[in-house]
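Some notes on the structure that comes next.
The values are calculated or read from the model by the stated rules, or taken from the named source; none is laboratory data. Remember, it's a predicted structure, so these values are computed and weren't measured experimentally. Cβ atoms come from the backbone with ideal geometry, glycine included; neighbour counts cover every protein chain shown. These accessible areas exclude ligands, DNA and RNA; they are computed on the full protein's heavy atoms, side chains included. Shrake-Rupley method; radii C 1.70, N 1.55, O 1.52, S 1.80 Å.
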Amino acid sequence: MSDPDTRPHIDYAALAGDIKRWAIELGFADAGISGTDLGADEQHLERWLDDGHHGEMEYMARHGAKRSRPAELEPGTQRVISVRMDYIPPGTANAWGVIEDAEAGYVARYALGRDYHKLMRSRLQKLADRIHSVVGDFGYRAYVDSAPVLEKALARNAGLGWIGKHTVLINKRAGSYFFLGELYTDLPLPVDPPASAHCGSCNRCIDICPTQAIVGPYRLDARRCISYLTIELKGSIPEALRAPMGNRIFGCDDCQLICPWNKFAQETTEPDFAPRHSLDGAKLIDLFGWSEEEFLKRTEGMAIRRTGYEGWLRNIAVALGNAPTSAAVTAALEAQAEHVSPVVREHVQWALARHHR
Ligand code: SF4
(Lines give C-alpha, C1' and ligand atoms only; values in the text may rest on other atoms or scores of the structure.)
Protein backbone atom coordinates (compact mmCIF):
# COMPACT_ATOMS: atom_id res chain seq x y z
CA MET A 1 0.00 0.00 0.00
CA SER A 2 1.17 3.55 -0.69
CA ASP A 3 1.89 6.30 1.84
CA PRO A 4 -1.38 8.28 2.16
CA ASP A 5 0.46 11.30 3.57
CA THR A 6 2.12 12.03 0.23
CA ARG A 7 -1.21 12.33 -1.63
CA PRO A 8 -2.46 15.73 -2.74
CA HIS A 9 -5.70 16.99 -1.24
CA ILE A 10 -8.48 14.67 -2.34
CA ASP A 11 -12.22 15.14 -1.97
CA TYR A 12 -12.97 11.60 -0.81
CA ALA A 13 -16.75 12.06 -0.78
CA ALA A 14 -16.69 13.10 -4.44
CA LEU A 15 -14.25 10.29 -5.24
CA ALA A 16 -16.58 7.71 -3.65
CA GLY A 17 -19.41 8.91 -5.92
CA ASP A 18 -17.12 8.76 -8.95
CA ILE A 19 -15.97 5.22 -8.08
CA LYS A 20 -19.58 4.00 -7.98
CA ARG A 21 -20.33 5.68 -11.30
CA TRP A 22 -17.21 4.23 -12.92
CA ALA A 23 -18.11 0.77 -11.59
CA ILE A 24 -21.48 0.96 -13.35
CA GLU A 25 -19.80 2.18 -16.54
CA LEU A 26 -17.50 -0.85 -16.37
CA GLY A 27 -20.47 -3.22 -16.33
CA PHE A 28 -20.94 -3.81 -12.60
CA ALA A 29 -24.52 -3.63 -11.37
CA ASP A 30 -23.63 -1.91 -8.13
CA ALA A 31 -20.74 -0.84 -5.90
CA GLY A 32 -20.46 0.08 -2.23
CA ILE A 33 -17.78 0.90 0.31
CA SER A 34 -17.21 -0.60 3.75
CA GLY A 35 -14.69 -0.43 6.56
CA THR A 36 -12.70 -3.48 7.64
CA ASP A 37 -14.32 -4.48 10.94
CA LEU A 38 -15.83 -7.98 10.65
CA GLY A 39 -15.84 -9.00 14.29
CA ALA A 40 -19.21 -10.82 14.45
CA ASP A 41 -18.58 -12.50 11.11
CA GLU A 42 -15.23 -13.74 12.38
CA GLN A 43 -17.01 -15.56 15.19
CA HIS A 44 -19.56 -17.00 12.75
CA LEU A 45 -16.73 -18.29 10.56
CA GLU A 46 -14.89 -19.82 13.51
CA ARG A 47 -18.01 -21.68 14.60
CA TRP A 48 -18.61 -22.95 11.05
CA LEU A 49 -15.05 -24.26 10.87
CA ASP A 50 -15.22 -25.75 14.39
CA ASP A 51 -18.38 -27.61 13.38
CA GLY A 52 -16.49 -29.07 10.40
CA HIS A 53 -19.13 -27.71 8.04
CA HIS A 54 -16.47 -26.83 5.45
CA GLY A 55 -15.82 -30.52 4.73
CA GLU A 56 -12.73 -31.07 2.58
CA MET A 57 -12.40 -27.37 1.76
CA GLU A 58 -9.26 -27.02 3.84
CA TYR A 59 -8.45 -23.74 2.12
CA MET A 60 -11.34 -22.22 4.08
CA ALA A 61 -9.48 -22.89 7.32
CA ARG A 62 -6.18 -21.49 6.06
CA HIS A 63 -5.18 -17.84 6.42
CA GLY A 64 -6.36 -17.69 10.07
CA ALA A 65 -7.69 -14.29 11.06
CA LYS A 66 -6.59 -12.80 7.73
CA ARG A 67 -9.94 -13.80 6.30
CA SER A 68 -11.89 -11.65 8.69
CA ARG A 69 -9.27 -8.90 9.08
CA PRO A 70 -8.63 -7.30 5.69
CA ALA A 71 -5.77 -5.14 6.99
CA GLU A 72 -3.90 -8.29 8.07
CA LEU A 73 -4.31 -9.84 4.64
CA GLU A 74 -3.29 -6.64 2.83
CA PRO A 75 -1.45 -4.27 5.21
CA GLY A 76 -2.62 -0.66 4.99
CA THR A 77 -6.17 -1.54 3.91
CA GLN A 78 -8.64 0.99 5.25
CA ARG A 79 -11.66 0.41 3.03
CA VAL A 80 -13.10 -2.29 0.82
CA ILE A 81 -14.91 -1.39 -2.39
CA SER A 82 -17.37 -4.23 -3.10
CA VAL A 83 -18.95 -4.69 -6.51
CA ARG A 84 -21.59 -7.05 -7.82
CA MET A 85 -22.39 -8.30 -11.32
CA ASP A 86 -25.63 -10.02 -12.37
CA TYR A 87 -25.16 -13.34 -14.16
CA ILE A 88 -28.50 -14.73 -15.41
CA PRO A 89 -28.34 -14.67 -19.21
CA PRO A 90 -31.47 -13.62 -21.11
CA GLY A 91 -33.39 -16.50 -22.70
CA THR A 92 -31.99 -19.21 -20.40
CA ALA A 93 -34.12 -22.37 -20.18
CA ASN A 94 -36.55 -22.30 -17.24
CA ALA A 95 -34.64 -23.66 -14.24
CA TRP A 96 -37.53 -25.54 -12.59
CA GLY A 97 -38.43 -27.02 -15.97
CA VAL A 98 -34.92 -28.48 -16.26
CA ILE A 99 -34.87 -29.75 -12.66
CA GLU A 100 -38.18 -31.50 -13.25
CA ASP A 101 -36.96 -33.09 -16.50
CA ALA A 102 -35.16 -36.16 -15.15
CA GLU A 103 -33.56 -36.82 -18.55
CA ALA A 104 -31.83 -33.41 -18.53
CA GLY A 105 -28.83 -32.31 -16.46
CA TYR A 106 -29.10 -29.23 -14.28
CA VAL A 107 -26.09 -26.89 -14.21
CA ALA A 108 -26.09 -23.99 -11.74
CA ARG A 109 -26.99 -20.82 -13.59
CA TYR A 110 -23.76 -19.05 -12.71
CA ALA A 111 -21.71 -21.71 -14.52
CA LEU A 112 -23.42 -21.83 -17.92
CA GLY A 113 -21.05 -19.47 -19.71
CA ARG A 114 -17.52 -18.15 -19.40
CA ASP A 115 -15.81 -18.30 -16.02
CA TYR A 116 -16.42 -15.00 -14.25
CA HIS A 117 -13.14 -14.74 -12.33
CA LYS A 118 -10.96 -13.32 -15.09
CA LEU A 119 -13.67 -11.00 -16.39
CA MET A 120 -14.42 -9.57 -12.94
CA ARG A 121 -10.75 -9.21 -12.07
CA SER A 122 -9.96 -7.34 -15.26
CA ARG A 123 -12.91 -4.98 -14.65
CA LEU A 124 -11.69 -4.38 -11.10
CA GLN A 125 -8.25 -3.60 -12.50
CA LYS A 126 -9.85 -1.06 -14.86
CA LEU A 127 -11.64 0.48 -11.89
CA ALA A 128 -8.31 0.73 -10.04
CA ASP A 129 -6.73 2.33 -13.12
CA ARG A 130 -9.43 4.99 -13.22
CA ILE A 131 -8.94 5.75 -9.55
CA HIS A 132 -5.18 5.97 -10.17
CA SER A 133 -5.74 8.46 -12.98
CA VAL A 134 -7.30 10.82 -10.40
CA VAL A 135 -5.41 10.20 -7.14
CA GLY A 136 -2.05 8.97 -8.43
CA ASP A 137 -0.38 6.09 -6.64
CA PHE A 138 -2.60 4.36 -4.14
CA GLY A 139 -2.63 0.96 -2.45
CA TYR A 140 -5.08 -1.63 -3.67
CA ARG A 141 -5.57 -5.31 -4.33
CA ALA A 142 -8.39 -6.95 -6.27
CA TYR A 143 -10.14 -10.13 -5.18
CA VAL A 144 -12.79 -12.27 -6.86
CA ASP A 145 -14.12 -15.28 -4.97
CA SER A 146 -10.86 -15.56 -3.04
CA ALA A 147 -10.66 -17.90 -0.07
CA PRO A 148 -9.11 -15.34 2.31
CA VAL A 149 -11.92 -12.80 1.81
CA LEU A 150 -15.27 -12.74 3.65
CA GLU A 151 -16.89 -11.26 0.59
CA LYS A 152 -20.54 -11.57 1.59
CA ALA A 153 -20.01 -9.86 4.94
CA LEU A 154 -18.02 -7.08 3.27
CA ALA A 155 -20.69 -6.62 0.59
CA ARG A 156 -23.41 -6.48 3.25
CA ASN A 157 -21.44 -3.85 5.16
CA ALA A 158 -21.08 -1.91 1.90
CA GLY A 159 -24.89 -1.87 1.52
CA LEU A 160 -25.09 -4.32 -1.40
CA GLY A 161 -27.49 -6.73 0.31
CA TRP A 162 -28.04 -8.93 3.33
CA ILE A 163 -26.93 -12.50 3.96
CA GLY A 164 -30.03 -14.68 3.67
CA LYS A 165 -30.81 -17.76 5.75
CA HIS A 166 -29.28 -19.81 2.90
CA THR A 167 -26.03 -17.82 3.44
CA VAL A 168 -26.17 -16.17 -0.01
CA LEU A 169 -26.24 -12.38 -0.39
CA ILE A 170 -29.61 -10.92 -1.42
CA ASN A 171 -30.20 -7.47 -2.84
CA LYS A 172 -33.66 -5.97 -2.35
CA ARG A 173 -33.80 -4.69 -5.93
CA ALA A 174 -31.93 -7.51 -7.69
CA GLY A 175 -32.36 -10.83 -5.86
CA SER A 176 -29.28 -13.01 -5.45
CA TYR A 177 -28.03 -14.13 -8.87
CA PHE A 178 -24.85 -12.09 -8.96
CA PHE A 179 -21.09 -12.40 -8.48
CA LEU A 180 -19.10 -10.39 -5.98
CA GLY A 181 -15.66 -8.83 -6.22
CA GLU A 182 -13.60 -6.55 -3.98
CA LEU A 183 -10.97 -3.90 -4.20
CA TYR A 184 -9.07 -3.54 -0.92
CA THR A 185 -7.69 -0.03 -0.72
CA ASP A 186 -5.79 2.35 1.55
CA LEU A 187 -7.96 5.30 0.48
CA PRO A 188 -9.96 6.67 3.48
CA LEU A 189 -13.23 6.82 1.53
CA PRO A 190 -16.54 7.49 3.31
CA VAL A 191 -18.34 4.19 4.02
CA ASP A 192 -21.89 3.25 3.05
CA PRO A 193 -24.54 2.14 5.57
CA PRO A 194 -24.83 -1.66 5.79
CA ALA A 195 -27.90 -3.31 4.26
CA SER A 196 -30.71 -4.40 6.57
CA ALA A 197 -31.99 -8.00 6.58
CA HIS A 198 -35.37 -8.96 5.09
CA CYS A 199 -35.82 -12.73 5.47
CA GLY A 200 -38.35 -12.27 8.26
CA SER A 201 -40.20 -15.47 9.14
CA CYS A 202 -39.59 -17.04 5.71
CA ASN A 203 -37.86 -20.45 5.75
CA ARG A 204 -38.44 -21.54 2.17
CA CYS A 205 -34.77 -22.10 1.33
CA ILE A 206 -34.29 -24.27 4.42
CA ASP A 207 -37.36 -26.36 3.62
CA ILE A 208 -36.62 -26.90 -0.06
CA CYS A 209 -32.94 -27.85 0.11
CA PRO A 210 -32.88 -31.35 -1.46
CA THR A 211 -30.19 -32.62 0.91
CA GLN A 212 -31.16 -30.57 3.98
CA ALA A 213 -27.81 -28.83 3.93
CA ILE A 214 -29.12 -25.64 5.58
CA VAL A 215 -29.08 -27.03 9.11
CA GLY A 216 -30.49 -23.83 10.63
CA PRO A 217 -30.94 -20.19 9.65
CA TYR A 218 -27.60 -18.85 8.35
CA ARG A 219 -25.92 -22.23 8.92
CA LEU A 220 -24.89 -24.22 5.87
CA ASP A 221 -23.31 -27.65 6.26
CA ALA A 222 -21.29 -27.67 3.05
CA ARG A 223 -20.75 -31.44 3.40
CA ARG A 224 -24.41 -31.93 2.47
CA CYS A 225 -24.65 -29.11 -0.09
CA ILE A 226 -25.01 -30.27 -3.71
CA SER A 227 -22.68 -27.49 -4.87
CA TYR A 228 -19.98 -28.94 -2.63
CA LEU A 229 -20.76 -32.56 -3.55
CA THR A 230 -20.65 -31.95 -7.31
CA ILE A 231 -17.75 -29.46 -7.44
CA GLU A 232 -15.52 -29.45 -4.37
CA LEU A 233 -15.68 -33.06 -3.21
CA LYS A 234 -13.18 -35.38 -4.81
CA GLY A 235 -13.89 -39.10 -4.71
CA SER A 236 -17.08 -40.82 -3.69
CA ILE A 237 -20.35 -38.98 -3.01
CA PRO A 238 -22.04 -40.31 0.16
CA GLU A 239 -24.70 -42.79 -0.98
CA ALA A 240 -27.46 -41.34 1.16
CA LEU A 241 -27.18 -38.02 -0.68
CA ARG A 242 -27.17 -39.39 -4.24
CA ALA A 243 -30.91 -39.88 -4.71
CA PRO A 244 -31.79 -36.40 -3.35
CA MET A 245 -29.31 -34.87 -5.82
CA GLY A 246 -31.79 -35.66 -8.61
CA ASN A 247 -30.40 -34.39 -11.93
CA ARG A 248 -28.17 -31.64 -10.52
CA ILE A 249 -24.78 -32.32 -12.13
CA PHE A 250 -22.87 -29.12 -11.38
CA GLY A 251 -23.98 -26.99 -8.46
CA CYS A 252 -27.56 -26.36 -7.35
CA ASP A 253 -29.80 -23.30 -7.26
CA ASP A 254 -32.87 -24.53 -5.38
CA CYS A 255 -32.40 -22.27 -2.35
CA GLN A 256 -32.15 -19.26 -4.67
CA LEU A 257 -34.90 -20.37 -7.05
CA ILE A 258 -37.39 -20.60 -4.18
CA CYS A 259 -36.38 -17.27 -2.63
CA PRO A 260 -39.18 -14.72 -3.12
CA TRP A 261 -36.64 -11.92 -3.54
CA ASN A 262 -35.50 -13.40 -6.83
CA LYS A 263 -38.62 -12.09 -8.50
CA PHE A 264 -36.51 -8.94 -8.64
CA ALA A 265 -33.51 -10.69 -10.25
CA GLN A 266 -31.94 -8.79 -13.11
CA GLU A 267 -30.63 -10.38 -16.29
CA THR A 268 -27.03 -9.87 -17.27
CA THR A 269 -25.99 -7.77 -20.25
CA GLU A 270 -22.66 -9.65 -20.40
CA PRO A 271 -22.54 -11.78 -23.57
CA ASP A 272 -19.77 -13.93 -22.04
CA PHE A 273 -22.26 -15.40 -19.54
CA ALA A 274 -24.55 -16.78 -22.28
CA PRO A 275 -24.97 -20.60 -22.05
CA ARG A 276 -22.47 -22.65 -24.03
CA HIS A 277 -23.16 -26.06 -25.59
CA SER A 278 -26.86 -25.80 -24.59
CA LEU A 279 -25.81 -26.50 -21.00
CA ASP A 280 -28.93 -24.78 -19.70
CA GLY A 281 -30.94 -27.92 -20.46
CA ALA A 282 -28.81 -30.55 -22.21
CA LYS A 283 -29.72 -34.24 -22.06
CA LEU A 284 -27.78 -36.37 -19.56
CA ILE A 285 -27.06 -39.09 -22.10
CA ASP A 286 -25.50 -36.58 -24.49
CA LEU A 287 -23.32 -35.07 -21.76
CA PHE A 288 -22.30 -38.53 -20.50
CA GLY A 289 -21.08 -39.33 -24.01
CA TRP A 290 -18.47 -36.52 -24.04
CA SER A 291 -14.94 -37.92 -24.27
CA GLU A 292 -12.30 -36.43 -21.99
CA GLU A 293 -10.95 -34.50 -24.97
CA GLU A 294 -14.41 -33.10 -25.72
CA PHE A 295 -14.94 -32.21 -22.06
CA LEU A 296 -11.64 -30.32 -21.90
CA LYS A 297 -12.24 -28.53 -25.19
CA ARG A 298 -15.85 -27.60 -24.53
CA THR A 299 -15.33 -26.41 -20.96
CA GLU A 300 -12.26 -24.32 -21.70
CA GLY A 301 -12.56 -21.01 -19.85
CA MET A 302 -15.65 -22.21 -17.94
CA ALA A 303 -16.13 -22.76 -14.20
CA ILE A 304 -17.47 -26.23 -14.99
CA ARG A 305 -13.89 -27.34 -15.66
CA ARG A 306 -13.30 -27.33 -11.89
CA THR A 307 -15.06 -30.61 -11.34
CA GLY A 308 -12.64 -32.40 -13.71
CA TYR A 309 -13.61 -35.10 -16.18
CA GLU A 310 -13.80 -37.79 -13.51
CA GLY A 311 -16.10 -35.61 -11.39
CA TRP A 312 -18.17 -34.78 -14.46
CA LEU A 313 -18.82 -38.46 -15.22
CA ARG A 314 -19.37 -39.25 -11.54
CA ASN A 315 -22.01 -36.52 -11.23
CA ILE A 316 -23.80 -37.49 -14.44
CA ALA A 317 -23.75 -41.17 -13.40
CA VAL A 318 -25.62 -40.22 -10.23
CA ALA A 319 -28.17 -38.23 -12.26
CA LEU A 320 -28.60 -41.14 -14.68
CA GLY A 321 -29.19 -43.40 -11.67
CA ASN A 322 -32.03 -41.02 -10.73
CA ALA A 323 -33.43 -40.87 -14.30
CA PRO A 324 -36.40 -42.97 -15.43
CA THR A 325 -35.32 -46.46 -16.49
CA SER A 326 -34.92 -46.87 -20.23
CA ALA A 327 -32.81 -48.93 -22.60
CA ALA A 328 -30.91 -45.79 -23.60
CA VAL A 329 -30.07 -44.89 -19.98
CA THR A 330 -28.83 -48.37 -19.05
CA ALA A 331 -26.87 -48.63 -22.31
CA ALA A 332 -25.16 -45.30 -21.62
CA LEU A 333 -24.25 -46.44 -18.11
CA GLU A 334 -23.06 -49.87 -19.25
CA ALA A 335 -20.79 -48.20 -21.81
CA GLN A 336 -18.87 -46.66 -18.88
CA ALA A 337 -19.06 -49.64 -16.52
CA GLU A 338 -15.40 -50.51 -17.11
CA HIS A 339 -14.15 -46.93 -16.92
CA VAL A 340 -10.53 -46.63 -15.85
CA SER A 341 -11.50 -44.50 -12.81
CA PRO A 342 -12.65 -46.50 -9.75
CA VAL A 343 -14.76 -43.50 -8.69
CA VAL A 344 -16.62 -43.44 -12.00
CA ARG A 345 -17.03 -47.23 -11.99
CA GLU A 346 -18.46 -47.23 -8.48
CA HIS A 347 -21.03 -44.52 -9.27
CA VAL A 348 -21.97 -46.24 -12.53
CA GLN A 349 -22.53 -49.50 -10.63
CA TRP A 350 -24.70 -47.66 -8.12
CA ALA A 351 -26.72 -46.13 -10.94
CA LEU A 352 -27.14 -49.44 -12.77
CA ALA A 353 -28.29 -51.11 -9.56
CA ARG A 354 -31.05 -48.47 -9.31
CA HIS A 355 -32.35 -49.52 -12.72
CA HIS A 356 -32.09 -53.25 -12.10
CA ARG A 357 -34.10 -53.34 -8.89
S1 SF4 B 1 -35.95 -18.12 0.85
FE2 SF4 B 1 -36.73 -16.83 2.54
S3 SF4 B 1 -35.39 -17.33 4.31
FE4 SF4 B 1 -34.35 -18.06 2.46
S5 SF4 B 1 -33.00 -16.40 1.86
FE6 SF4 B 1 -34.91 -16.10 0.70
S7 SF4 B 1 -36.15 -14.72 2.01
FE8 SF4 B 1 -34.48 -15.53 3.30
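Odds and ends about this structure:
- Gaussian network model of the chain, Cα within-10 Å springs - most flexible of Val191, Val134, Val107: Val134
- Gaussian network model of the chain, springs between alpha carbon atoms under 10 Å - residue of Gly200, Gly35, Gly55 with greatest fluctuation: Gly200
- Within the listed set Ala332, Ala195, Ala14, the residue fluctuating most in the Gaussian network model of the chain (springs between alpha-carbon atoms under 10 angstrom) is Ala14.
- Computed over the chain: relative contact order in percent, which uses C-alpha pairs under 8 Å that are six or more apart: 23 percent
- Relative contact order (%) - segment 84-161, alpha-carbon pairs under 8 angstrom, separation at least six: 23 percent
- Among the trypsin sites (Lys or Arg not before Pro) in segment 189-241, those located in a DSSP loop and surrounded by at most 12 other Cβ atoms within 10 Å of their own Cβ are Lys234.
- Other residues within the sphere of radius under 9 Å centred on the Cβ of Ile33, judged by their own Cβ, net out at +1 (K and R +1, D and E -1).
- Against the compact-protein benchmark of 2.2 N^0.38 Å, the Cα-based radius of gyration of segment 283-357 scales to 1.06.
- Net length gained if the chain between Glu293 and Ser122 were fully extended (0.36 nm per residue, minus Cα distance): 58.7 nm
- Cα centroids of segment 215-258 and segment 13-78: 25 Å apart.
- Accessible area per residue, Å², segment 283-357 with all protein chains present, probe 1.4 Å: 46 Å²
- When a 1.4 Å probe is rolled over the protein heavy atoms, the share of accessible surface on segment 283-357 that falls to carbon and sulfur comes to 52 percent.
- Across segment 283-357, Cα pairs under 8 Å and at least six residues apart give a relative contact order of 34 percent.
- Within straight-line reach of Lys172, meaning a Cα separation under 30 Å, sit the following lysines at least 8 residues removed in sequence or on another chain: Lys20, Lys66, Lys118, Lys126, Lys152, Lys263.
- Among the protein heavy atoms of segment 133-227, carbon and sulfur supply 51% of the accessible surface, probe 1.4 Å, non-protein parts ignored.
- Debye-sum result for the chain in log10 I(q)/I(0), which assumes one identical scatterer on each alpha carbon, at q = 0.13, 0.15 Å⁻¹: -1.04, -1.30
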